[in-house]
Amino acid sequence: MSDFLSDYTSGGKAGSNTSSGTGPAPKRRYRIAFNAPVILAFTALSFAAMLSNYLTGGIANRLLFITRHGSMLNPLTWLRMFTYVLGHSSFEHWLSNFLIILIVGPMIEEKYGSRRTLVLILVTTFATAAVNNLLFHTGLIGASGVAFALILLSSFASYQEGTAPATLILVAVLYIGREVVNGLTADSISQFAHIVGGFIGCAAGFALNQAKAHDAK
């Protein structure tokens, strides 16, 4: 008992100092993590495009950020088929798209990687513009198609080979169905971009998950 008391009064204190170190524990430092570089860069570029359009009184959108049917011999026609996705008609239009992209996009990029996320954005952008320019003669602007592609792709988060995710079915019925109905009664061009983006998101989801399953084998 006396040994125990002596250990407590002398050695015990020394032991407590040893376990706690010679000084106070260093404070944990927090830093900003750029967890989704493609999505963040996409957001920054689009915000810069919207700002440039505001500063030029709408000239930037008319010159660079609206795609429409035109001569394929004009280099600007090809350029606009990619840059239109950066432009938006108003801050509310930009915010409605990028709230979705910033919520869903990082999860997609972390799951599938930055390269595949960039490819998805580029393919959705070009495919939507190509079909729009072939079928319609009105302009197309904004990232609505990309936002809906990411929404549909996010429903594959728990995808397993040989199954059809119930979330995918619900999202497809609710979103794509709504856009089809709205396209018949309202702004058919805007809804068309949503529909094309949604189908590309579905196709990309199946393709990416098949590739991921193949890589795992």
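The values are calculated or read from the model by the stated rules, or taken from the named source; none is laboratory data. From a predicted model like this one, the values you see are computed outputs, not experimental measurements. Don't worry about glycine lacking a Cβ; one is built from the backbone with ideal geometry, like all the others, and counts go over all protein chains shown. Surface accessibility is based on the protein's heavy atoms, side chains included, excluding ligands, DNA and RNA. Shrake-Rupley method; radii C 1.70, N 1.55, O 1.52, S 1.80 Å.
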Every pair of residues 6+ apart whose Cβ atoms lie under 9 Å, when the first sits in the stretch 56-71 and is in contact (Cβ under 8 Å) with a residue 60 or more places away in the chain while the second is aromatic (Phe, Trp, Tyr) and outside any helix (DSSP H, G or I): Arg68/Phe136; His69/Phe136
Cross-chain or 6+ apart pairs with Cβ under 7 Å, the stretch 190-210 first and over 29 Å from Gly139 (Cβ atoms) and open to solvent by less than 20 Å² (accessible area, probe 1.4 Å), then of a type in the set (D, E, K, R) and at pLDDT 75 or above: none
Unique residue being at pLDDT below 90, surrounded by 15 or more Cβ atoms within 10 Å (Cβ to Cβ) and either under 20 Å from the mean Cα position of the chain (by Cα) or small (Gly, Ala, Ser) (or both) when the list is Leu40, Leu140, Leu118: Leu140
Options Arg116, Arg80; residue that is touching a residue at least 12 places away in the same chain (Cβ under 8 Å) and over 18 Å from Val196 (Cβ atoms): Arg116
Filter result for Ile101 (of a type in the set (A, V, I, L, M) and either in contact with a strand residue (DSSP E or B) (Cβ under 9 Å, 6 or more places away or on another chain) or in contact (Cβ under 8 Å) with a residue 60 or more places away in the chain (or both)): yes
